[in-house]
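Read through the structure below, which is laid out as structure tokens, and then see the notes.
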Amino acid sequence: MSREPRAKRQKIVRLYPDEDQPAQQVTASPAYVSPSHLQGEPMASPPEETGNLPADLDDWDAADVPNDTMVALQLLRAQFPAKARATVEPVMLRSQLYTLVKDRTSVDRQLDELRQSGAVRMFKLPATVDEYAFMFAADYMAMVGRARQELQDRSSSEGMLAVLEWFVQRVLPRCTTINISHGDLLRLLTSDKRGRRLHDTVTGDHVGLLLNCGLLTKHVKEADTFWFAVPQIGRVVTSLVRGRKEILGMLSRKRYPEVFVKDLEKRKLQYSILDPRFHIRDLVGSGALAQMETTSGLLLRLNKKT
């Protein structure tokens, strides 16, 4: 009996020739951090684990991963700059995904599905206007584990540290939005997944610890609401903003505001810990730069509206 060929998805768009990466170089997520311990001890992979990419991105199909956007997220995660990774787990931008998957409507829909399923967390970037970053849930668990370890090293009491375990076990699985009200936070921290009230008591100090860890930030416009946040992301956000300005400023000062990708990649950015590739994807996806094929390579040109 002959097998019907499996339908392929649309191809991932390439900016770089090295994006046909061997499968072992691109993993979906790191070792999962146990919510029960948050000690950094690896467990089996979480349910969101989607496996590795095939050796050639042209060969993947519907049986390999949930959707195109997940493949793009995995690729961006693997390419996250090493210098920034020392500060924070990989974060990805919507604009970068737009350079990998042509159908932007599909990207937006699939991102929302991944967020609702709990596979990916979405965060508003501080000091920006309506800009958001995405992080694999397992990576965010690792950030919580890192925050717990830092508090433990400072001799914080186990009673206070328990709120981090409650945050992972009770809040994150049941709240996949980008923010949470103070009332909902207290309710989820003190109830199980069925909504039954537990005997744990949450105080203002517990909420303050989540704020001090950088896992929550106060909503500017809504006093009774918190944003979910990524600890220590400030330097990455600063680099994102300054790197954009540096590249766009460099092009705007040129007689012909254009540059080859291969030349821009060789440039060492002065004000960003993020590499040129990270910024190129962001600027092309946001429309600040246009890209075109030439006989000498891929050319980037400053859009007139920028």
Original post:
Cβ-Cβ below 9 Å, separation at least six or inter-chain, first residue in region 119-133 and assigned to a loop (DSSP other than H, G, I, E, B), second of a type in the set (Lys, Arg): which pairs?
Top reply: Asp130/Lys124; Glu131/Arg94; Glu131/Lys124
**OP:** For Pro173, work out the one condition from (1) outside any helix (DSSP H, G or I); (2) farther than 27 Å from Arg235 by Cα; (3) free of Cβ contacts under 8 Å to residues at least 40 places away in the same chain it doesn't fulfil.
**Re:** (3)
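Can you tell me which residue among Arg154, Arg148, Arg121 is in contact with a helix residue (DSSP H, G or I) (Cβ under 6 Å, 6 or more places away or on another chain), at pLDDT below 95 and among the basic types (Lys, Arg)? Can you show your working first?
Values: Arg154 fails: in contact with a helix residue (DSSP H, G or I) (Cβ under 6 Å, 6 or more places away or on another chain); Arg121 fails: at pLDDT below 95.
Result of the check over Arg154, Arg148, Arg121: Arg148.
Can you tell me which of Leu186, Leu211 is over 23 Å from the mean Cα position of the chain (by Cα) and either within 26 Å of Ser117 (Cα to Cα) or crowded, with 17+ Cβ neighbours inside 10 Å (or both)?
On the way: Leu211 fails: over 23 Å from the mean Cα position of the chain (by Cα).
When all the criteria are applied, what remains is Leu186.
Could you please find all residues in region 86-103 being among the basic types (Lys, Arg) and surrounded by 15 or more Cβ atoms within 10 Å (Cβ to Cβ)? Can you show your working first?
Let us first name the residues in region 86-103 that are among the basic types (Lys, Arg), namely 94, 102.
Once the filter is applied, which keeps residues that are among the basic types (Lys, Arg) and surrounded by 15 or more Cβ atoms within 10 Å (Cβ to Cβ), region 86-103 yields only Arg94.
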Original post:
So Tyr132 fits all but one of (1) surrounded by 13 or more Cβ atoms within 10 Å (Cβ to Cβ); (2) at positive phi; what number is the exception?
Top reply: (2)
**OP:** Tell me which of these Arg154 doesn't satisfy, since it passes every other one: (1) surrounded by fewer than 16 Cβ atoms within 10 Å (Cβ to Cβ); (2) over 26 Å from Ser272 (Cβ atoms); (3) in contact with a Ser or Thr (Cβ under 9 Å, 6 or more places away or on another chain).
**Re:** (3)
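The values are calculated or read from the model by the stated rules, or taken from the named source; none is laboratory data. Model, not experiment: these values are computed from the prediction. Heads up, the Cβs are rebuilt from the backbone with ideal geometry, glycines too, and the neighbour counts pull from every protein chain shown.
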